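What follows is one structure encoded as structure tokens, with my remarks underneath.
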Protein chains: 2
Amino acid sequence: MKKHKVLFLPYNKEINVEDGGNLIRAAMEAGVHINASCGGEGLCGKCRVVIERGSVEGGITEKLSGEDLEKGIRQACLASVKQDVTVRIPVESTVDPDVLNKQSTPRYTARIRQINLEELKERGLFVPPVEKKYLELPEPTLQDNLPDVTRLVSYLKLKHNEHRLEVDLSVIRKIPDLLRKDDFRITATLARPVHEGGKTRIINIQSGDTTDLNYAIAMDVGTTTIFGQLIDLKTGKTLAQHGDFNGQISYGEDVISRIVYSAKPGGLEKLHSIVIKTINGVIRRIIRDAGIDPDEISTITLAGNSTMTQLMLKVDPCHIRLSPYVPAATLYPPIKAVEIGMDLGDHVTALVYPAVSSYVGGDIVAGVMGSGMYRAEELILYMDIGTNAEIVVGNKDWLACAACSAGPAFEGGGIKNGMRAAKGAIEDFSMDPVTLEPMNMTIGNVRPKGICGSGLITIVAMMLEMGVINNLGKYDRDLYTPRIREVDGVYEYVLAWAKETQIGRDISLTEPDIDNLIRAKGAMYSGYMTLFEEVGIGVKDIDRIILAGGFGSYVDLEKAMIIGLLPEVDPDKVTFIGNGSLMGAKMSSLTNRIRKDVVEVTRKMTNFELSETASYMDNYVAALFLPHTNIDQFPKLKARLEERKAVLYTDELKKK
Amino acid sequence: MKKHKVLFLPYNKEINVEDGGNLIRAAMEAGVHINASCGGEGLCGKCRVVIERGSVEGGITEKLSGEDLEKGIRQACLASVKQDVTVRIPVESTVDPDVLNKQSTPRYTARIRQINLEELKERGLFVPPVEKKYLELPEPTLQDNLPDVTRLVSYLKLKHNEHRLEVDLSVIRKIPDLLRKDDFRITATLARPVHEGGKTRIINIQSGDTTDLNYAIAMDVGTTTIFGQLIDLKTGKTLAQHGDFNGQISYGEDVISRIVYSAKPGGLEKLHSIVIKTINGVIRRIIRDAGIDPDEISTITLAGNSTMTQLMLKVDPCHIRLSPYVPAATLYPPIKAVEIGMDLGDHVTALVYPAVSSYVGGDIVAGVMGSGMYRAEELILYMDIGTNAEIVVGNKDWLACAACSAGPAFEGGGIKNGMRAAKGAIEDFSMDPVTLEPMNMTIGNVRPKGICGSGLITIVAMMLEMGVINNLGKYDRDLYTPRIREVDGVYEYVLAWAKETQIGRDISLTEPDIDNLIRAKGAMYSGYMTLFEEVGIGVKDIDRIILAGGFGSYVDLEKAMIIGLLPEVDPDKVTFIGNGSLMGAKMSSLTNRIRKDVVEVTRKMTNFELSETASYMDNYVAALFLPHTNIDQFPKLKARLEERKAVLYTDELKKK
């Protein structure tokens, strides 16, 4: 796509923006602050900028006078970049340019890594677990009256070199009629064994040549959300994707409350049927969106945490919750999709990702497989950040994993104005170093409704760098701005005034909110540091960090390091794979080899029960500071904070 | 059991009889004729005998006067042998003793062969396809929190050296609760793979030690009758057996009419559900009779002909009937018993015997396996005689098979007074060489209702030897006896007068009845002779004949040779295995090795389509004589008939 250069003055920061890109987003991306509290809906009218060279599309509202317009003033949040342009942000002339240039680190999100189909093909690994083979069989005669199945099997051997075949009863039931429907022209669907030496199963037959129509479904069965992808096994491409909230949410937000509910009479059956209902809804939707014949779906691969997996398979999860935290199983046999209630053909096999333990589930294993971590030479830290966070460290030789409960802060839970990453959530933020005015960016560019996890991290990190909060997460009592106030003895910063929000109330960030975030990031930090200690490595040994989970996509890496959530490493070492669970499920749909490797990998993954590891609590307590009790663990931040202190720009705002 | 000697005078024939044995049956067994037309119910009063030494129990009726009783006269059909005894049969004094001694060959039924459990155990083959293993598992701790399934699998490896295990979803569903029910004491049911290198499946778990309770069902799914056995897998013993008529009978007597019905709308589903209903009835009955807990049944093995197998599995059988006679499959995968509607636990696997072709089905393969024919060094002819007769010839090195349609005569079909082998059927017969009076023995010793297959053979053979019929099966028109008469142009012999029967009508054998039998035996004879020619052997090469089928148990071997149904061989070479299909199913329940071998055996069994073999019709036409156009093929009979001619005892009965 065409890109345009945008130069922001007086900061002299330049950034490449895609054609039609939003101007205020471009500023945020470049680390340039523009006051904006309405989330980009054009309501507050604060984001006035001057177009000095070139022009933008839009950005004209009734808040701007004719004179303004003549001067080149536009509202950045409503302006689109269609050519190279120079934009000046109006700032108070008295401000020291040094301050301006240190106002923020540029936005730095992780590089997104996806499945490399071409590489798979080159390595000869694009071999899906189900394949179709077309045959034109000779018609039987008295001299050659082989049974129908024997005829099929013999010619699969003869024409396609297929050996060790076995056949499902459903195929035997279909074959007499089907063979004679199109003059013994037939397509057989073959399900590959996990292990060499295993048998290939003929799971379906169709008349004529349908080899071009072969689809798989990959699905991430999450506690909150269920995502499905419809994959064309001929090309490897994803034809449709859809996510929906897990219907079980009304029975509890987290896995623990689901487990509790499942112990009630009929509870397990209820939660099982509800998650299957959601799954079936997603299946229907992606089938419709892809516009394919559902009978052409050959396989479904599902990944989920241990509790979700057990509920999906109607296996009582109660011992997951009780010490010593024992799941029923970690390895599941191939299951007929219809057997667990899925609206799919009776030939479809459901492949369920194996787990490691009660709290390191199939979703994480899928991420380890899908991201290729299990084949890596370099040492990798894999993190799926969320209420239940999972951490894996290792490479092709060894893997160690652990789970920790970070609490719901990363998903907006336990935060006064917290919310999930949905439309209206403040997901990005910047602060004017002089006026402490906010720049709120919301999902969907609408008036804010609340703050989501990635927004929370950015806000807190920004405030810490600005000196607005101290390393305990407390607001500087001496700063003067109407946005920092005390309400019923609780200090807070108002991100958006009631009239600028969708909720008709001020949206603010309170000190208890910050406390919750500190505890959450402390749990994460302590998790991987404890794991590092257990396996005898340090942050410096980590060659690469892989972030997974819905959360990771919007997190500004530098900000996450500033608050001490991520270890301080070169941001280039961090990649983001999005929904690792879904990625792994897709990978398994594309290459059967994964199914073989995964059994080995789960055996290799040594699980550490952090709650039983003595040093975990020490590490946790030490991490209850911003970024950490021992700032030396964050040398770059330490240097930056010291440099900042010298400037003391906030002095001008000190009360009195 | 205690035995007593019974000496029959004036024939001077002695026989050993079990304590309490019936006297007239003992005479029949010894080849001694006693007039008796009421089937042994005591009604006709003809079977008067004189007890000359010792005494019998019973045999006293109102038909005997006080004087009779004093003379030692008893009715043989109601007398039981309780000590050594000498019995005189009253005969006309004018009869030449030579005639008396040649009146009949002694009754000679085949030796019954059954599964030799001890031999199986000695050969190390008593390894059922499902076994139970008991374990006392350590309870999980925080240091040892293996998943439940992993714990089970690990300790099966450790304590019982079980490797390559896989687990069913149903077991995963049960394990969390079940492990904790009896302090981690558990019994696992293991289903063995067919092939070495395959996986052993854990199909069930039970709390505590239930290894003593492990049962299998073996079942013969016949066109007419369904037999089931309940087998104790701990001891190998059969605890209960039951047979019932296949409910499909009302939809057609033979496989062809069933196939025709199955092609009607809903016909396949109907016949499927009906046969399953019969199967479930038999299952319920043998469970009740054995007094076991149905949950302890681990496996069911079923054998049936190709049509019955396909109907049972709901696989359209229509192409079995149409040239080129192609079955849907001959090899079936293991199937969940519940999947085809059986009233058995959801862990129970149904193993279905493979077939060779449309007309050499799993029942015959089961017989070949169960009888051990496939392991034999000697050359064996295996025959399952019935409407659809199957023939196998060969040994451990090669096997050739064929099927032929003999028609229903052997089962009493197409015979004026024919009936199945049920209570009241004349199953054995002898004829007074002088008076031509009959000695009818019926099943159940009740008044006759009709003639069953084995009775028919004996009657026709006896009449041929007596010269009552010629080698075309026509009655000698010159004989004088009221029992031979012409009714509406058809000659017949009256076996029992209306007043002596249950049906209130005369029971007779007509010339068309004899024609039907000749055609049936001609088809059988031609079947094996054609097969012999195809593989290049002769009758003299046969080391052993195995007869299978309900039919074989009562057939007098010498009689079957006289009419040319069996080749003339030493009767000692003939063994009878009863229901070969059931025997094979039982054998598979006892030794998993059979399942491995059977695949090889079905591959080895070369099928000959007799209807497509030119010489079959020539052989058939040549066999439409008693015993055969070429009497030299029956040298012993030829000698006997010639000897008999010299006596000419029937001359006295010649008319005029």
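The values are calculated or read from the model by the stated rules, or taken from the named source; none is laboratory data. Fair warning: this is a prediction, and the values are worked out from it, not measured in the lab. We place every Cβ from the backbone using ideal geometry, glycine too, and count neighbours over all the protein chains shown. Note: accessible area is taken over every heavy atom of the protein model, side chains too, but ligands, DNA and RNA are not part of it. Shrake-Rupley method; radii C 1.70, N 1.55, O 1.52, S 1.80 Å.
List the aspartates and glutamates whose Cα sits under 19 Å from the Cα of A:Lys199, skipping any in the same chain fewer than 8 residues away.
Counting by Cα, and skipping residues close in sequence, A:Lys199 has these aspartates and glutamates nearby: A:Glu131, A:Glu162, A:Glu166, A:Asp168, A:Asp597, B:Glu166, B:Asp168, B:Glu196, B:Asp597, B:Glu600.
Quick one: with label points 7 Å out along Cα→Cβ, list the inter-copy distances for A:Glu196 in nm, shortest first?
When each copy's label point is compared with this one, the spacings are 2.1 nm.
State the residue of chain B whose Cβ is nearest the axis carrying B onto A, and the distance in whole angstrom.
Closest to the rotation axis on chain B: B:Gly197, 3.
Please quote Rg/Rh for the stretch A:358-445 to two decimal places, taking the Kirkwood radius as Rh and restricting both calculations to Cα atoms.
On the Cα set of the stretch A:358-445, Rg over Rh gives 1.14.
Positive end of the charge dipole of the stretch A:392-490 (Lys, Arg +1 and Asp, Glu -1 on Cβ, about the Cα centre): tell me which of A:Gly473, A:Val434, A:Ile457 has its Cα farthest that way.
A:Ile457
Return the lysines within reach of A:Lys423: Cα separation strictly under 16 angstrom, same-chain partners fewer than 8 residues apart disregarded; answer none if there are no such residues.
Of all the lysines, those that pass the test against A:Lys423 - Cα under 16 Å, at least 8 places apart if same chain - are A:Lys449.
Just the accessible area per residue of the protein assembly as shown, please: how many Å² with a 1.4 Å probe? Don't jump to the answer; show the numbers that get you there.
Numbers: 50170 Å² over 1312 residues.
The answer is 38 Å² per residue.
Please give the average number of partner chain Cβ atoms lying within 10 Å of the Cβ of each residue in B:147-153, rounded to a whole number.
Details: counts 14, 7, 7, 8, 1, 1, 2.
If you average over the peptide's residues, the count of other-chain Cβ atoms is 6.
Starting from a label point 7 Å past Cα on the Cβ side, list the distances from B:Glu486 to the same position in the other copies, nm, shortest first.
13.6
Considering only the label points, 7 Å along Cα→Cβ from Cα, what distances in nm to one decimal separate B:Pro265 from the same position in each other copy, shortest first?
4.6
Tell me, how many Å apart are the Cα centres for the stretch B:1-35 and for the stretch A:286-350?
The stretch B:1-35 and the stretch A:286-350 have Cα centres separated by 72 Å.
Could you give the length gained by full extension between A:Asp144 and A:Arg53, i.e. 0.36 nm per residue of separation minus their alpha carbon distance, to one decimal place?
On the way: separation 91, 0.36 × 91 = 32.76 nm, distance 8.38 nm.
Additional length available on full extension: 24.4 nm.
Cα centroid distance between the stretch A:147-165 and the stretch A:392-447, in Å?
A separation of 55 Å, based on Cα centres.
What distance in nm separates the simple spin-label points at A:Asp343 and A:Lys423, each placed 7 Å from Cα in the Cβ direction?
Label-label distance for A:Asp343 and A:Lys423, simple model: 2.4 nm.
Could you tell me what percent of the DSSP beta bridges with both partners in the stretch A:411-515 are antiparallel, to the nearest 5? Before the final figure, lay out each step's value.
Details: 14 of 17 bridges.
Rounded to the nearest five, the antiparallel share is 80 percent.
Given a Förster distance of 30 angstrom, what is the FRET efficiency for B:Asn161 paired with B:Glu119, based on the Cβ-Cβ distance and rounded to 0.05?
0.70
At a probe radius of 1.4 Å, figure out the A/B buried accessible area, summed over both chains, and give it in Å² to the nearest 100.
Details: alone 26630 and 26680 Å², together 50170 Å².
What A and B bury together is about 3100 Å².
Once the protein assembly as shown is represented by equal point scatterers at the alpha-carbon sites, with solvent omitted, what log10 I(q)/I(0) does the Debye formula produce at q = 0.04 Å⁻¹?
-0.39
With both bridge residues required to lie in the protein assembly as shown, what share of the DSSP beta bridges run antiparallel, to the nearest 5%? Walk me through the intermediate numbers first.
Numbers: 149 of 222 bridges.
For the protein assembly as shown, the DSSP antiparallel bridge percentage is about 65.
How large is the helix-only mean residue ellipticity at 222 nm for chain B, computed as the sum of -39500 (n - 2.57) over DSSP H runs with n ≥ 4, divided by its residue count, in deg cm²/dmol to the nearest 500?
Calculated at 222 nm, the ellipticity per residue is -8500 deg cm²/dmol.
Place a +1 charge on the Cβ of each Lys and Arg in the protein assembly as shown and a -1 charge on the Cβ of each Asp and Glu, then give the dipole magnitude about the Cα centre in debye, rounded to the nearest 20.
I would put it at about 700 debye.
Between A:Glu643 and A:Ala622, what is the FRET efficiency for a Förster distance of 30 Å, r being their Cβ-Cβ separation, to the nearest 0.05?
Approximately 0.75, to the nearest 0.05.
Determine Rg/Rh for chain A; Rg is computed over alpha-carbon atoms and Rh is the Kirkwood hydrodynamic estimate from the same atoms.
Here the Rg-to-Rh quotient is 1.04.
For a quick check: with amide H placed at 1.01 Å from N, whose amide H comes under 5 Å from A:Asn607's, ignoring anything fewer than 5 positions away on the same chain?
So A:Asn607 has HN proximity to A:Cys401.
Once the mean 1/r over all distinct Cα pairs of the stretch B:451-552 is inverted, what Kirkwood radius in angstroms do you read off?
Computed over the stretch B:451-552, the radius equals 15.9 Å.
Relative to the compact-globule scaling 2.2 N^0.38 Å, provide the ratio for the alpha-carbon radius of gyration of the stretch B:132-269. List each step's numbers first, then the result.
Numbers: Rg = 21.3 Å, N = 138, 2.2 N^0.38 = 14.3 Å.
Compared with the compact-globule rule of thumb, the stretch B:132-269 sits at 1.49.
Return the percentage of antiparallel bridges among DSSP beta bridges fully within chain B, rounded to the nearest 5 %.
Of all bridge pairs located within chain B, approximately 65 percent are antiparallel.
Mind ordering B:484-490, A:192-198, B:516-522 by average Cβ neighbours within 10 Å, highest first?
B:516-522, A:192-198, B:484-490
Which whole-angstrom value gives the distance between the alpha carbon centres of the stretch A:179-214 and the stretch B:509-545?
44
Just to make sure I understand: if all protein chains stay in place, what is the order of B:Ser257, A:Ser611, A:Ser358 by accessible area at 1.4 Å, largest first?
From most exposed to least exposed: A:Ser611, B:Ser257, A:Ser358.
Note down the relative contact order for chain A as a percent, whole number, built from C-alpha pairs under 8 angstrom at least six residues apart. Please list the in-between numbers first.
Working: 1490 pairs, mean separation 97.9, N = 656.
With pairs under 8 Å counted, the relative contact order is 15 percent.
Looking at this model, which pairs from A:Lys132/B:Lys314; A:Lys174/B:Lys336; A:Lys159/A:Lys586; A:Lys133/B:Lys336 are more than 22 angstrom apart at the alpha-carbon?
Those over the limit are A:Lys132/B:Lys314; A:Lys159/A:Lys586; A:Lys133/B:Lys336.
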